[in-house]
């Protein structure tokens, strides 16, 4: 009897902990959705259930600034970052996982250590590089700067995944006269989709949500991405904070990410666990 009571208490405690975590994770987004549908003085009333529905905040987001262009900029930059990260990550992971050369371990540690630097520490140096090559206030400059954030973990995950692939696949292709590029594209790519989907989606989310580089390396509204555009939303006067518009814009740019994660959640899990140590 005591054992049954203890088991029930452990289950109740576990489900209670899960409920608390879910509430803390979901409630901010839920409250943002409620606020996005409220106008006027209702914005300052604390309501946990919807009392009124108005799409005026969503409409004003697109009327007061080129928010549609900002969304396009974010999509363009994020897709470019994903494509470049996967291209460089796949080729680099092949070299690091399959080619033996001196300093391979040191190179892996160096690649991973790049992601440990805070953005503020590399901001001035990156700014000088972007300006020197003439890519300041351009989406291509943003994509290059984002590579510093996405490429290290892309290379790390893909290298761990490629190490788990049987060497017999590569050896059979080489005996048939396949070049290294053919081995990568014809042999490894078809079986690397789980890891590529995982790293690609993580790179997309990181590029989509990045704020500091986007704020520093862009100057005009036509080149800004959605995080900067949301941060710069202003009211009718300097004393007014348009919470409704800000929440509506936040909901607009968050829903696509949630949909992507729900669609690819199984591949994300399989991709993250593929390179794990197996006993």
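No lab work stands behind these numbers, since they all come straight from the coordinates. Given the structure is predicted, the values throughout are model-derived calculations rather than measurements. No Cβ is skipped: glycine too gets one built from the backbone with ideal geometry, and neighbour counts run over all protein chains shown.
Assorted remarks:
- Diffusion coefficient of the chain by Stokes-Einstein, Kirkwood radius over Cα pairs, 37 °C, 0.692 mPa s: 149 µm²/s.
- Computed FRET value (nearest 0.05) for residue 174 with residue 148, which takes r as the C-beta separation and R₀ as 35 Å: 0.55
- R0 of 22 Å, Cβ-Cβ distance residue 261-residue 75: FRET efficiency to nearest 0.05: 0.85
- Order by protection proxy (mean Cβ within 10 Å, highest first), peptides 214-223, 17-26, 118-127: 214-223, 118-127, 17-26
- Simple spin-label estimate for residue 110 and residue 124 gives 2.5 nm between the two label positions (7 Å along the Cα-to-Cβ direction from each Cα).
- The chain: calculated mean residue ellipticity at 222 nm from DSSP helix runs of at least 4, using -39500 (n - 2.57): -23000 deg cm²/dmol
- Rounded D (µm²/s) - the stretch 2-44, Kirkwood Rh over Cα pairs, Stokes-Einstein at 25 °C, 0.890 mPa s: 190 µm²/s
- Of 154, 254, 199, the one that fluctuates the most in a GNM where the chain has Cα springs shorter than 10 Å: 254
- Theoretical gain in end-to-end length, residue 185 to residue 59 [0.36 nm per residue, Cα-Cα removed]: 40.8 nm
- Residues considered: 200, 64, 141. Largest GNM mean-square fluctuation over the chain, using C-alpha springs under 10 Å, is found at 64.
- Shape category assigned to the stretch 1-113 from the gyration tensor of Cα positions, a/c cut at 1.5: oblate
- Most mobile of 196, 206, 241 in a GNM of the chain (Cα contacts under 10 Å): 241
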